[in-house]
Structures are given as structure tokens and as C-alpha cells.
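As C-alpha cells, the structure follows; a few thoughts come after it.
The values are calculated or read from the model by the stated rules, or taken from the named source; none is laboratory data. Remember, predicted model here, so these are calculated numbers, not experimental data. Quick reminder, even Gly has a Cβ in these numbers, built from the backbone with ideal geometry, and neighbours come from all protein chains shown. Keep in mind that these areas ignore ligands, DNA and RNA; they rest on the heavy atoms of the full protein, side chains included. Shrake-Rupley method; radii C 1.70, N 1.55, O 1.52, S 1.80 Å.
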Amino acid sequence: MLKVGVLQMTSGIDPAANARAVADGIAALAAEGAQIVFTPEMSGLLDRDRSRVVANSTVEADDPTLAAAREAATAAKVWVHLGSCAIRPTADADRLLNRGFLIDDRGVVRARYDKMHLFDVDLPTGERYRESATYIPGEAAVAADTPWGRLGLSICYDLRFARLFEALSGAGAAIIAVPAAFTRPTGEAHWHTLLRARAIEAGAFVVAAAQTGEHEDGRATYGHSLVIDPWGRVLLDMGEAAGHAICEIDLAAVADTRARIPTIAHRRDVTLRVEA
Ligand SMILES: O=C(O)CNC(=O)[C@H](CS)NC(=O)CCC(=O)C(=O)O
């Protein structure tokens, strides 16, 4: 059994305030028995103002939220998946990386993942996003080992790309993290369905820590941080309020589900013939 802690945040435009919220959330969850804590996409800085987000971002070594998360992990002896932060690849870079971090209970960064699929979309509501104007996409999927099993990493809009999740489950990921800042309209339409499908297809637990509510930058996000088991059951749904919650998961369900319905072993390479 593993006690998973989930932090649901309403991150704002002030990096120092977000770093404090991350540290406080990790400490609170660890005090309640969490062994690993998951935080949302853009825990450290949620800001639609492109020049301000670039100005307020630093290289990894100077990022205040990463530093706060590493300190809190060390103090509370808990692992942390910091969903993502805006990171400058170099000091003078003008485009950023949307980067997530796996931190161990001694504060060491064990893995980093740069979001591969960037959110360049026009929603029916008129909302328009051009993430690639500010961010450089990552080039590779990442899975990393924890004391409880292999963890697959993804970020938000990646959720829509099943091939990334096939790569993670093919690599043996028992838990897949989907930190997010989903929009309200797409969250209402797609969030639960896509996350449950990914858990079922992967035969893995999915832990999706989400941004929620009305943010300082004027944006609204969907919330509903979820923990889903390999059978597709929703074990935790945090609704709309910011806060933290613990969910106990039994990792034996991964091997059990994969033995009963061995879709990963049954995978075939698909070649396509179009017949006219
Ligand atoms: O830019 C930031 O500050 C933080 N990043 C985000 O909010 C990102 C890119 S704009 N959001 C998503 O990927 C939402 C995806 C989504 O909602 C969907 O796939 O439907």
C-alpha cells in the first residue's frame, strides 16, 4: 500500500508565493502520512503574460519552487513529483521549458521531463492558447524508478496523445503522473474520460494533480485532481476547491490487472492499408 498525497493549487503570478504554497502543501501532506506528493502543472508560476513569465523564470538551479520542494521533501522525508515549473534552458534564453521534476526523500532530483506536446489551440469559447510561443517542446518520454515502482511522467495536454502513454506503460510504469492546468470547457468535456482511458489502457494508476479556480492572470482552470486505479475506477476526485488530499493505493492491482487483461503483451505494430 502506498499513501499518495495530491496538492490541488490555484497558482498565481508571484513565484515566491507559489513556492511557499508548494512547501506548505508538501509539509501538510507528509504530516498526514503521504509517502509521495504530486503537485500540478505550473505549480511555480501560472501566468499568461508572456514577457512577465519569461522575466520571472530562471534556470533550474535558481528556481524558487524547485528549491522549496527539495527542502520540503528533505525536511519531511517524502518523495515529490513537482508537476512542472517554467524553466529557462540557459540564462539568456527567451523561450522556456515546461519541466516536471521527480524529487526523492533526500531532496535529490531523480528525473526531469519536458512537456512534449504544446497547447496551441482555439477553443469554441474563444479562448486561445499558443504555448509554443513561450515554450520549447521536450524531445523524449521519461519514466523513473521510485521505491514503490516505476513512475511515468507527462504534463497536461500530453494526456491527449495515447502514444506517449503507450511508451510509458510499455516501459513498465505502474503509476503515471498527469499534472495539469486544464481549461474549464475542455475539462468538463474530456478530463475524466481521457484520464480513465489512459489508466485502463496502461493498466496503471494515474495521478493527476490539477490547478483549479480563478487565477491572478485572469485564467480559470478546471480542478478535479484525480487518482484512478488500473481498472479505471476513480479513487479520489478533489472537486473544485484548492487543498490537499491523501489516497491509499494498492500497487498489486497493476500486476493483477495486467495478468487478467494483458493488452500490453498483446500489442501489435500497426501497418495500414487504405483500400480505395
Ligand atoms: O501556460 C501556463 O502557464 C501553464 N500551462 C498551461 O496552462 C498549459 C498550456 S497553455 N495548459 C494546457 O496544456 C491545457 C490543456 C487542456 O486544457 C486540454 O488539453 O484541453
- [ ] Report the label-to-label distance for E127 and R20 in nanometres (one decimal), using points 7 Å from each Cα along the Cα→Cβ vector.
- [x] 2.8
Task: Candidates D63, D217, D114: whichever shows maximal mean-square fluctuation once the chain is modelled as a Gaussian network with Cα springs under 10 Å - done: D217
Open item on the list: Considering only protein heavy atoms and a probe of 1.4 Å, how much of the accessible area of the chain is carbon and sulfur, as a whole percent?
Closed with: 51
Task: 10 Å Cβ shell holding at most 11 others, DSSP loop, trypsin sites (Lys or Arg not before Pro): longest site-free stretch of the chain - done: 107-266
Task: From phi via Karplus (6.51, -1.76, 1.60), per-residue ³J(HN,Hα) for the stretch 69-82 in Hz, x at Gly/Pro - done: 5, 5, 5, 5, 4, 5, 4, 9, 6, 9, 7, 9, 9, 7
Open item on the list: Counting only other residues whose beta carbon sits under 15 Å from that of T90, what net charge do I get with K and R as +1, D and E as -1?
Closed with: -3
Task: Within a Gaussian network of the chain (alpha carbon springs, distance under 10 Å), most fluctuating of A180, A208, A255 - done: A255
- [ ] Please state the charge dipole magnitude for the stretch 2-265, taken about the Cα centre, from unit charges on C-beta atoms (+1 on K and R, -1 on D and E), reported in debye and rounded to the nearest 20.
- [x] 480
Task: Inter-centroid distance (Cα atoms) of the stretch 1-68 relative to the stretch 185-257, Å - done: 18
Open item on the list: What FRET efficiency comes out for T74 versus D120 if R0 is 41 angstrom and r is the Cβ-Cβ distance? Round to the nearest 0.05.
Closed with: 0.65
- [ ] Label the stretch 173-239 by shape, choosing from rounded, prolate and oblate, from the square roots a ≥ b ≥ c of the eigenvalues of the Cα gyration tensor; if a/c is under 1.5 it is rounded, and otherwise prolate applies when a/b is larger than b/c, oblate when it is not.
- [x] prolate
Task: Cβ-based net charge around P137, under 15 Å, with every Lys or Arg adding one and every Asp or Glu removing one - done: +1
Open item on the list: Within 10 Å, Cβ to Cβ, of A253, how many net charges do the neighbouring residues add up to if Lys/Arg are +1 and Asp/Glu are -1?
Closed with: -1
Open item on the list: Below 8 Å between Cα atoms, with a sequence gap of 6+, how large is the relative contact order for the chain in percent?
Closed with: 20
- [ ] Kindly report the accessible area of the stretch 2-265 per residue (heavy atoms of protein chains, probe 1.4 Å, no ligands, DNA or RNA), in Å².
- [x] 40
Open item on the list: From the gyration tensor of the Cα coordinates in the stretch 2-265, what semi-axes in whole Å does the equivalent ellipsoid have, largest first, with each one equal to sqrt(5λ)?
Closed with: 26, 21, 17
Task: Excluding exposed DSSP-loop GluC sites (Glu not before Pro) (at most 10 other C-beta within 10 Å), longest clean stretch of the chain - done: 1-138
Task: Label-reachable residues, the stretch 9-50, where backbone N falls under 19 Å from a point 7 Å from E248's Cα toward its Cβ - done: 29-38
Open item on the list: Per residue, how big is the convex hull of the stretch 1-81 when only Cα atoms are used? Give it in Å³.
Closed with: 80
Task: For q = 0.19, 0.20 Å⁻¹, Debye-computed log10 I/I(0) when each Cα of the stretch 218-260 counts as one equal scatterer - done: -0.66, -0.70
